[in-house]
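In what follows, a single structure is set out as structure tokens and then discussed.
The values are calculated or read from the model by the stated rules, or taken from the named source; none is laboratory data. Just so you know, these numbers come straight off a predicted model, no measurement behind them. We place every Cβ from the backbone using ideal geometry, glycine too, and count neighbours over all the protein chains shown.
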Amino acid sequence: MTTGTTTQLPPSLRSVRALDWLNFFVANVQTGFGPFIASYLASHKWTQGEIGLALSVGTISAMVSQVPGGAAVDALKNKKAAAAWAIIAIIISAMLLAVSPTVVPVMAAEVFHGFASCMLVPAMAALALALVGRQNLGDRLGRNARWASIGSAVAAGLMGLCGEYVSPRAVFWLTAALALPALVALAMIEYDKHANSPKPAPKPAPRATPTAADHANGERETIFDLLRDPRMLTFAACVVLFHLSNAAMLNLAAGEVTAGMGDNVQLVIAACIIVPQAIVAMMSPWVGRTAQAWGRRPVLILGFSALPLRALLFAAVGNPYFLVPVQMLDGLSAAVFGVMLPLIAADVAGGKGRYNLCIGLFGLSAGIGATLSTALAGFIADHFGNTVSFLGLATAGAAAVVMVWLVMPETRDALEEETASDKAA
């Protein structure tokens, strides 16, 4: 297989399996920074306003760090070192929460975790790209998503039991402990550090309009070059609309469940989280393979179409127990989005050395969409009711589908052009 002008050897089985386990254990660790923080702080007499402020600090930190985190990973030749430092920072964050649930350590933990996550996600995507190359990246990203989903489900169960039968504080000691095997798995990965580096530009005859293949082996792109790329801008807009529709949906439904039923509320909410993870684990490899065979747009349309349908069903369904099967649609859209974001970033960035910066820009778009989603959905629900809010989320999801259908170009074409150029050379 070729990447640019460099022949890339197949990865060793040991490295492939190690990357599987890295995704599993990193998902374990990240699960500890989900709903468990709110429950833990509440058990230490934090008010809802104080908890919201702490979580907002983490969200803002992550949004601000998306682009510099991706750029930092691009700048580091050793992607394993970037991932290792990020995992160590997450361990420190978990220990700060466990040792002292007071204002300064909690805020520091949220900031560390926000920035570390924004380095860890692109570093792991870069490892996948370096390990298998762009031709097989779709399959590899699907496999990553499967192992991450299994890890999230296992961790949610372990941490729930730990919090229930040991103490809420023990959840964060467990989070720190689960990061240690992630470091072991990371150390076992071996890859060619130069396989996907930008190559010196060849000297073709002058041409009026350069093609994607012309740029693929050229100098490292600047952020301004990326921001002028219509593929990057269009998909970033799709990402904003996706999260504008998706981010608030389960929170809104969970609030309705809590208000509308007495017993088994926690079980229903837990099932609403676990069921989509099972769907992601089953579907992600298929998503990766299909995106390689059919192209990116058909798969995006399939995954994005689940959003407005899910919102409309939430608006129409009155029985809380029907929420769990409706959440299966979340698994479909999450599987598609989780695989397609880094895959399209590879298409857009090509071999120009800005893969992780591109992931950071898409991550920033996701943060903007999610922030707007929770704020607007909450405001609309307070003033006009949950049904109207769900209809608004469905409208945003439908807009995302229309944008992919009518505006989004097929980004796989760039990879095909580069492959044909390599063969011609």
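Name every residue in the range 314-326 that is part of a helix (DSSP H, G or I) and at pLDDT below 85, in order of residue number.
Answer for the range 314-326, where residues must be part of a helix (DSSP H, G or I) and at pLDDT below 85: P320, Y321, F322, L323, V324.
For every residue, the table says whether it meets (1) more than 24 Å from G392 (Cα to Cα); (2) at pLDDT below 75.
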{"site": "V265", "(1), (2)": "yes, yes"}
{"site": "G303", "(1), (2)": "no, no"}
{"site": "L312", "(1), (2)": "no, no"}
{"site": "R354", "(1), (2)": "yes, no"}
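Any idea which of A381, A335, A281 is under 22 Å from F24 (Cβ atoms) and either assigned to a loop (DSSP other than H, G, I, E, B) or at pLDDT below 90 (or both)?
On inspection, the qualifying residue turns out to be A281.
Return the residue satisfying two criteria in turn: it lies in the range 341-371 and is outside any helix (DSSP H, G or I) and either of a type in the set (D, E, K, R) or under 18 Å from I301 (Cα atoms) (or both), and of such residues it is nearest to the chain's Cα centre (by Cα).
So the residue we want is R354.
Please return the ranges of helices (runs of 4 or more DSSP H) entirely within the range 15-129 where 2 or more residues are at pLDDT below 85 and among the hydroxyl-bearing types (S, T, Y).
It comes to 35-43, 48-75.
For the range 375-409, give me each residue that is polar (S, T, N, Q) and touching a Leu at 6+ places or on another chain (Cβ under 9 Å).
The answer is N386, S389.
Condition (residue is surrounded by 21 or more Cβ atoms within 10 Å (Cβ to Cβ), within 28 Å of G369 (Cβ to Cβ) and in contact with a His (Cβ under 7 Å, 6 or more places away or on another chain)) applied to the range 38-58: is it met by at least one residue?
yes
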